Amino acid sequence: MRTVHSILAAFVLIALAMVVFNAIMSLKRNEQFKAGDRKLGLIALILTHTQLIIGLITYYVSPWYTLLKGIGMGNAMKNAELRLMSVEHPLMMIIAIVLVTVGWSKHKKATEDVAKYKSFIIFYGLALLVILSRIPWGQWFQ
């Protein structure tokens, strides 16, 4: 399960980066919002939500969760690696997925092409930064 979570994480990062890059370039060129732009955003939305489900399953069967339950939250917060794996990473990924969901919702409600692109740039871009800030790089492909 952890391998699937790691591989899907790479696809999530690529998809979010593509959405943000595409939105920036399209906005710069003053292009109309097209079906392909919407599909790219939808793919990123689906991937992030799938990653959340797989991540939650992985979390609850991981040794990090068992360790957290065993030593308690107070002790976990004193250990940087345990805090990252059992608290910071899961919480920040949930926040990132909320940002993607809000960006998708705002783009759907927007009536102007500029507003649609801006919602992707802002919300998907923030989600990408949040994800990059809390990926456990040292553990990713172990």
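Laboratory data are not the source of any read-out in this text; all were calculated from the coordinates shown. Not measured: the values here are computed from a predicted model. In this analysis, Cβ positions are derived from the backbone assuming ideal geometry, glycine residues included, and neighbour counts consider all displayed protein chains.
Each Cα pair under 8 Å and six or more residues apart adds its separation to the average, and for the chain the resulting relative contact order is 34 percent.
Quote the convex hull volume per residue of the stretch 32-85, based on C-alpha atoms, as a whole number of Å³.
Hull volume over Cα atoms, normalised by residue count, gives 92 Å³.
Taking other Cβ atoms within 10 Å as a rough exposure proxy, PHE123, PHE11 sort from fewest to most as PHE11, PHE123. Lysine pair count for the chain (Cα-Cα distance under 19 Å; residues 8 or more apart in sequence or on different chains): 18. Using C-alpha pairs below 8 Å separated by at least 6 residues, the relative contact order for the stretch 31-106 is 42 percent.
Could you please rank VAL20, VAL87, placing first whichever residue has the fewest other Cβ atoms within 10 Å of its Cβ?
Ranked by crowding around the Cβ, least crowded first: VAL87, VAL20.
Tell me the angle of helix 89-109 to the major Cα principal axis of the chain, expressed in degrees between 0 and 90 and rounded to the nearest ten. Roughly 20 degrees between the two axes. Taking other C-beta atoms within 10 Å as the exposure proxy, TYR65, TYR60 rank TYR60, TYR65 from fewest upward.
Run the numbers for PHE11 and HIS49: contour at 0.36 nm per residue of separation, minus the present Cα-Cα distance, in nm.
Numbers: separation 38, 0.36 × 38 = 13.68 nm, distance 1.23 nm.
Here the segment from PHE11 to HIS49 would lengthen by 12.5 nm.
Taken along its principal axes, the alpha carbon cloud of the stretch 53-108 reaches lengths of 45, 21, 14 Å, longest axis first.
Relative to the longest principal axis of the Cα atoms of the chain, helix 2-28 runs at roughly 30 degrees. For the stretch 2-135, what log10 I(q)/I(0) values come out of the Debye formula at q = 0.14 1/Å, with one point per alpha carbon and no solvent? After summing over all Cα pairs, the log10 values are -0.64.
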